[in-house]
Amino acid sequence: MTDRPDPREPDDRTTRIPRADAAPVLPPVPGGPGSAAEPRRRRRAEGGTDPELAARARAAAGLPPVAPTPSTQTRRPSAEQDATTRLAPVPAASREEDAARGEQVAGRREEASARREDAGPVASGPGRARSFRRAAGLTVLGAVVPGAGLLAAGWRRTGVAVLAVFVVLLGGLVWLATAGQRTAVRAAVSPQVLLGVMVGVGVLALLWIAVVVLGYRLLVPRRLSPLQRGAGGLLVLALVAGVATPAVAAVRLADAQRDLVDTVFADGESATVQEPADPVNPFGDKERVNVLLLGGDGGEGRDGVRTDTVIVASIETATGATTLFSLPRNLEDLPFPAGTRLAELFPDGFDAGEESESLLNAVYRNGPALYPDALGAPSDNPGADWLKLGVGEALGLPIDYYVLVNLDGFSQLVDALGGITVNVNYYVPVGGEPSIGTLPDAYIAPGPDQEMDGATALAFARGRFGLTDYQRMDRQRCVLDAIVAAADPVTLLTRYQQLAATTSDIVSTDVPQAVLDDFVDLAFLVKDAGIRSVVFDDTVITPAYPDYDAVRALVQQALGAAPASAPASGAPSSSAAPTTAAPTTTAPTSGAPASSSAPVADVADACAYDPVAAQAAIDAGEPPTKR
């Protein structure tokens with residue numbers, strides 16, 4: 001009895017073949033073994049030509065067909081063989097080999113792509129390898145001309161931008177050094193601008209260093225020998241140092257200048273400086289600005305400061321024409337403006353009791369000591385305010401500001417400059433006190449172009465034993481001239497911090513920072529207009545009995561405001577009219593010469609070497625000393 005299917009079960013008529021009996025029949029791999037393209041692929045690999053494609057090409061070109069040779073004739077498989085080949089199974093081992101081979105190819109492609117990405121853009125054109133020396137040379141070029149290395153590496157936009165900034169900054173520096181010198185000096189006296197310069201230089205230096213390092217990274221090949229890698233690192237460090245060193249020096253110079261401006265022009269209290277009505281134009285409608293220049297002879301072993309150098313610089317604001325008026329240190333009876341407390345205290349001129357304490361050079365110290373509150377207003381330097389009022393009244397000029405240089409600081413300044421060179425025409429005493437007969441310790445012998453350090457230069461400027469005050473004034477001007485000559489640009493740059501520190505210690509003034517820009521403009525006008533000088537020595541006035549009306553008349557004549565009146569009795573009338581000249585002094589003409597009869601002479605004559613006078617002094621012999 002045959003089992004009948006259960007009507008509830010589905011009718012399954014699928015023929016099942018045992019797994020062991022089933023042959024793995026898979027489609028052939030394209031181009032692999034057993035495929036229709038296998039013979040063609042083999043022929044191409046062997047360098048042969050496909051006859052069928054060749055025949056088609058000849059027919060298309062109108063050429064007769066070529067009979068195939070036995071070596072090149074290929075029998076096309078029949079349809080039955082082709083079907084058998086297509087149905088032929090691919091062994092599992094072959095499939096695994098093909099898969100492994102594919103993975104190897106893909107891995108090699110990924111490695112090649114990674115190497116191309118690491119190498120960066122080709123600097124010299126497609127397919128051209130870059131050498132280490134070429135990369136080093138372009139890196140150096142990129143450090144000297146920022147942006148050039150980036151352009152060579154293919155970073156065109158960034159390179160052009162960096163190069164454009166560099167060109168603009170370089171052009172600005174060239175302009176500041178030539179046509180924009182006034183702007184540069186105005187910036188040098190502004191603490192705010194100097195602070196901005198310091199920050200700007202620091203930022204630019206960091207960006208410059210980043211450009212150098214980036215350019216090297218982009219240009220250098222990745223496969224380097226240890227020697228090349230070390231040389232490249234040293235090259236980059238040297239270039240970074242070449243950028244950082246001048247930047248640090250510039251920042252330090254700007255910081256020193258900023259400290260100098262803040263220290264010297266401290267905007268302290270003054271009893272004689274008035275706030276300008278118009279801060280934008282502080283000089284307003286003033287025709288002249290008058291500055292009192294003082295040389296204080298203070299220091300170790302000296303009681304206070306005596307102003308042995310008193311000069312007034314009267315500057316015309318419109319043209320910069322400047323006239324210097326020099327007063328002798330032994331001038332007596334210094335007057336004060338009418339209506340002031342000082343004029344009430346000294347109606348007949350300054351008098352401290354003793355004659356030696358009543359001279360012009362003693363007013364700075366003795367006036368405030370006698371009457372501390374006589375100015376009626378607070379002052380950081382009351383001695384300077386006393387002199388501003390007194391000298392201004394003596395010359396008939398209102399004194400706006402003062403600048404005091406302590407001669408004791410000359411030694412520091414000269415040493416900071418590395419020494420000065422001066423000519424000596426007669427024996428100059430080192431030390432000694434003529435008022436009590438104390439002999440000098442030594443003498444500076446006559447001779448041309450003598451190199452002096454700070455201590456010797458100070459003794460040269462101070463010495464007056466057996467000489468006159470006017471000869472001493474001459475030598476002080478020669479020292480100033482030698483200091484200016486020694487302050488060449490290279491010396492200023494290399495020693496500026498020391499010079500700035502020294503200057504801040506020996507210079508004081510009541511010139512406010514608000515008018516420094518205007519003084520810069522005046523300085524450039526003065527440079528073009530020139531300077532005249534009038535020396536009130538004993539050939540023009542009698543220091544012990546001065547005629548201040550005659551002094552004021554000479555001042556007005558020198559300024560071109562009024563004709564000169566007759567000089568005081570005892571003063572030669574032939575020397576009353578000052579003449580136009582460079583900054584002046586009286587030139588010695590012998591071993592210990594007397595003053596000239598003219599109030600004006602050329603400073604070059606006083607500081608030049610006079611071999612006749614020097615030989616006469618040597619023949620006379622060195623004067624006696626303590627030794």
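The values are calculated or read from the model by the stated rules, or taken from the named source; none is laboratory data. Nothing here was measured: the structure is a model prediction, and the numbers come from that model. Please note: Cβ atoms are built from the backbone with ideal geometry, for glycine as well, and neighbour counts cover all protein chains shown. Heads up: the accessible areas ignore ligands, DNA and RNA and are worked out on the full protein's heavy atoms, side chains in. Shrake-Rupley method; radii C 1.70, N 1.55, O 1.52, S 1.80 Å.
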Worksheet item: Which of the following residues is over 28 Å from Ala249 (Cβ atoms) and open to solvent by 10 Å² or more (accessible area, probe 1.4 Å): Phe465, Phe460, Phe519?
Response: Phe465
Worksheet item: Just checking, which of Asp351, Asp285 is assigned to a loop (DSSP other than H, G, I, E, B), modelled with pLDDT of 90 or more and open to solvent by 60 Å² or more (accessible area, probe 1.4 Å)?
Response: Asp351
Discussion item. Quick check on the stretch 179-190. Is at least one of its residues over 26 Å from Asp521 (Cα atoms), assigned by the TED database to the domain that holds Arg252 and surrounded by fewer than 15 Cβ atoms within 10 Å (Cβ to Cβ)?
Written reply: no
Discussion item. I need the full set of residues from the stretch 244-263 which are among the aliphatic types (A, V, I, L, M) and either in the same structural domain as Asp521 (by the TED database) or open to solvent by 60 Å² or more (accessible area, probe 1.4 Å) (or both), in order please.
Written reply: Val248
Worksheet entry | the stretch 270-285 residues that are outside the structural domain of Ile315 (by the TED database) and farther than 19 Å from Thr319 by Cα, paired with ones that are of a type in the set (D, E, K, R) and surrounded by fewer than 16 Cβ atoms within 10 Å (Cβ to Cβ) (beta carbon under 8 Å, 6 or more apart) | Ser270/Asp380
Worksheet item: What are the residue pairs meeting all of these: first residue in the stretch 312-333, first residue at positive phi and touching a residue at least 40 places away in the same chain (Cβ under 8 Å), second residue surrounded by fewer than 21 Cβ atoms within 10 Å (Cβ to Cβ) and among the small types (Gly, Ala, Ser), Cβ atoms under 6 Å, and 6 or more apart or on different chains?
Response: Gly320/Ala529; Asp333/Gly349
Worksheet item: For the subset of the stretch 160-178 comprising residues that are closer than 20 Å to Gly242 by Cβ and without any contact (Cβ under 8 Å) to a residue 40 or more places away in the chain, which member is most open to solvent (accessible area, probe 1.4 Å)?
Response: Leu173
Worksheet item: Based on what the data block shows, is Tyr443 open to solvent by less than 30 Å² (accessible area, probe 1.4 Å) and modelled with pLDDT of 90 or more?
Response: no
Worksheet item: Filter the stretch 509-549 for residues that are polar (S, T, N, Q) and more than 20 Å from Ser190 (Cβ to Cβ); which is modelled with the lowest pLDDT?
Response: Ser533
Worksheet item: On the given criteria, is Pro382 in contact with a Pro (Cβ under 8 Å, 6 or more places away or on another chain), surrounded by 17 or more Cβ atoms within 10 Å (Cβ to Cβ) and closer than 26 Å to Thr509 by Cβ?
Response: yes
Worksheet item: Quick check: anything in the stretch 386-405 at pLDDT below 95 and over 20 Å from Val289 (Cα atoms)?
Response: no
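Let's see how each residue does on (1) under 41 Å from the mean Cα position of the chain (by Cα); (2) among the aliphatic types (A, V, I, L, M); (3) open to solvent by 10 Å² or more (accessible area, probe 1.4 Å); (4) not assigned by the TED database to the domain that holds Val363:
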| residue | (1), (2), (3), (4) |
| --- | --- |
| Asp400 | yes, no, yes, no |
| Gly418 | yes, no, yes, no |
| Gly432 | no, no, yes, no |
| Leu439 | no, yes, yes, no |
Item to complete: Please enumerate the residues belonging to the stretch 100-154 that are at pLDDT 70 or above, assigned to a helix (DSSP H, G or I) and polar (S, T, N, Q).
Response: Gln104, Thr139
Item to complete: Mind listing just one residue for me: the one in the stretch 496-516 that is open to solvent by 20 Å² or more (accessible area, probe 1.4 Å) and not in a helix (DSSP H, G or I) and, of those, nearest to Gly419 (Cα to Cα)?
Response: Val507
Worksheet item: Can you tell me which residue in the stretch 522-545 is surrounded by the fewest Cβ atoms within 10 Å (Cβ to Cβ), limited to those that are in a loop (DSSP other than H, G, I, E, B) and of a type outside the set (A, V, I, L, M, F, W, C)?
Response: Tyr545
Discussion item. Checking the conditions here, which among Leu375, Leu360, Leu331 is in contact with a Gly (Cβ under 9 Å, 6 or more places away or on another chain) and open to solvent by less than 50 Å² (accessible area, probe 1.4 Å)?
Written reply: Leu360
